[in-house]
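This report refers to the structure that appears directly beneath it.
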Amino acid sequence: MTAPLSLTTRLRLARLALVVPPEHSGPEAADFAAHGADILVLAKGERSVEEAAEGLRVARNRLFGLQTVVAADSLDVAEASGADMVFLKRPGWRPFGVRRPHEFALLGRPIDGADEADKIDGDPWNFAFVGPAVTDGRVAEVIGEMAAQYPPTALPAGPVWFAAGGISSSNIDAVLAAGARRAVVSTAVFAAEDPFRESQAIASALRSGWDADPGAAAYGAAAFG
């Protein structure tokens with residue numbers, strides 16, 4: 001049996017994060033792990049905390065023994081389920097800071113670009129979704145700027161970031177060309193005729209971009225250190 005990797009290692013090696021809408025957050029959400037998703041963010045939506053937490057627990061149990069990380073988008077859900085990762089779309093200001101569901105949990109937030117990267121370069125944040133990555137059919141400048149300031153596979157490792165917003169299988173190559181090596185998607189997958197096929201297509205492009213990156217091998221090896 002393969003020993004599970006640490007959460008930090010899994011985050012650094014992740015390429016595709018998938019935000020799963022509430023209506024698709026049933027047990028079948030775990031099946032996206034077989035179609036390239038490294039991180040599954042199960043959105044709470046209008047569900048109760050307990051209902052959302054139960055959905056997360058079910059998905060995590062189905063993925064037991066795999067390296068896919070199941071994340072929450074609510075601190076209440078994360079605490080109720082013991083989630084290993086939390087992405088807060090609107091973190092806001094909290095007088096007592098952001099509480100982690102447990103001491104090893106990873107926290108993420110959105111940022112608009114490289115000028116906000118200092119928000120994730122240290123405690124409490126571990127990663128960011130950066131974007132919008134694609135607007136009006138073009139890759140936004142913020143992706144190239146972020147890649148220039150924080151190259152995804154450079155050593156020593158900098159903040160972990162995912163290009164986010166407007167990404168699909170039809171433009172992922174352009175996002176990669178701009179310097180991103182990780183992406184987060186939702187609408188493109190769940191609006192597709194075949195969501196699994198769309199997820200796999202994006203994941204395959206990300207894998208190819210990662211493998212072709214000259215720094216990827218050394219970065220990957222260092223992630224285990």
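Since every read-out is calculated from the coordinates, none of them should be taken as a lab result. What you see is a predicted model, and the numbers here were worked out from it, not measured in a lab. In this analysis, Cβ positions are derived from the backbone assuming ideal geometry, glycine residues included, and neighbour counts consider all displayed protein chains.
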| Count of the stretch 22-57 residues which are part of a helix (DSSP H, G or I), over 17 Å from A183 (Cβ atoms) and out of contact with any Asp or Glu (no Cβ under 9 Å at 6 or more places or on another chain) | 14
| request: Being over 14 Å from A33 (Cα atoms) and in a helix (DSSP H, G or I) is the filter here, so list the residues in the stretch 178-206 that pass it. | output: T187, A188, F190, A205, L206
| query | Only one of these conditions is not met by F32: (1) surrounded by 15 or more Cβ atoms within 10 Å (Cβ to Cβ); (2) more than 29 Å from A216 (Cβ to Cβ); (3) within 19 Å of the chain's Cα centre (by Cα). Which number is it? | reply | (2)
| Among (1) within 16 Å of the chain's Cα centre (by Cα); (2) loosely packed, with under 15 Cβ neighbours inside 10 Å; (3) in contact (Cβ under 8 Å) with a residue 24 or more places away in the chain, which single condition is D121 missing? | (1)
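For the stretch 141-160, indicate whether the set of residues that are of a type in the set (F, W, Y), in contact with a strand residue (DSSP E or B) (Cβ under 6 Å, 6 or more places away or on another chain) and either crowded, with 20+ Cβ neighbours inside 10 Å or more than 24 Å from H35 (Cα to Cα) (or both) is non-empty. Give the derivation first.
First pass over the stretch 141-160, keeping only residues of a type in the set (F, W, Y): 150.
Retained after the next criterion (residues that are in contact with a strand residue (DSSP E or B) (Cβ under 6 Å, 6 or more places away or on another chain)): none.
No; the residues of the stretch 141-160 include none that is of a type in the set (F, W, Y), in contact with a strand residue (DSSP E or B) (Cβ under 6 Å, 6 or more places away or on another chain) and either crowded, with 20+ Cβ neighbours inside 10 Å or more than 24 Å from H35 (Cα to Cα) (or both).
Is there a residue in the stretch 21-28 that is touching a residue at least 40 places away in the same chain (Cβ under 8 Å) and either under 25 Å from I172 (Cα atoms) or surrounded by 20 or more Cβ atoms within 10 Å (Cβ to Cβ) (or both)? Working first, answer last.
Pass one, the stretch 21-28, residues touching a residue at least 40 places away in the same chain (Cβ under 8 Å): 21, 24.
Next, from what is left, pick out any that are either under 25 Å from I172 (Cα atoms) or surrounded by 20 or more Cβ atoms within 10 Å (Cβ to Cβ) (or both): 21, 24.
Within the stretch 21-28, one or more residues are touching a residue at least 40 places away in the same chain (Cβ under 8 Å) and either under 25 Å from I172 (Cα atoms) or surrounded by 20 or more Cβ atoms within 10 Å (Cβ to Cβ) (or both).
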| Restricted to the stretch 56-82, and to residues that are over 18 Å from P22 (Cα atoms) and hydrophobic (A, V, I, L, M, F, W, C), which residue is surrounded by the most Cβ atoms within 10 Å (Cβ to Cβ)? | L63
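Within the stretch 92-109, count every residue that is surrounded by fewer than 20 Cβ atoms within 10 Å (Cβ to Cβ) and either closer than 15 Å to R12 by Cα or under 16 Å from the mean Cα position of the chain (by Cα) (or both). Please lay out each step first, then the result.
Of the stretch 92-109, the ones surrounded by fewer than 20 Cβ atoms within 10 Å (Cβ to Cβ) are 92-100, 102-104.
With the extra rule that they be either closer than 15 Å to R12 by Cα or under 16 Å from the mean Cα position of the chain (by Cα) (or both), the set shrinks to 104.
Residues meeting the conditions: 1.
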| field | Conditions (1) free of Cβ contacts under 8 Å to residues at least 60 places away in the same chain; (2) charged (D, E, K, R); (3) surrounded by 23 or more Cβ atoms within 10 Å (Cβ to Cβ); number of the one not met by R182 | value | (1)
| said: Being over 18 Å from the mean Cα position of the chain (by Cα) and either among the small types (G, A, S) or not in a loop (DSSP other than H, G, I, E, B) (or both) is the filter here; which residues of the stretch 143-171 pass it? | reply: G144, E145, A148, Q149, A154, S170
| query | Given A183, A192, A174, which one is within 13 Å of the chain's Cα centre (by Cα) and of a type in the set (A, V, I, L, M)? | reply | A183
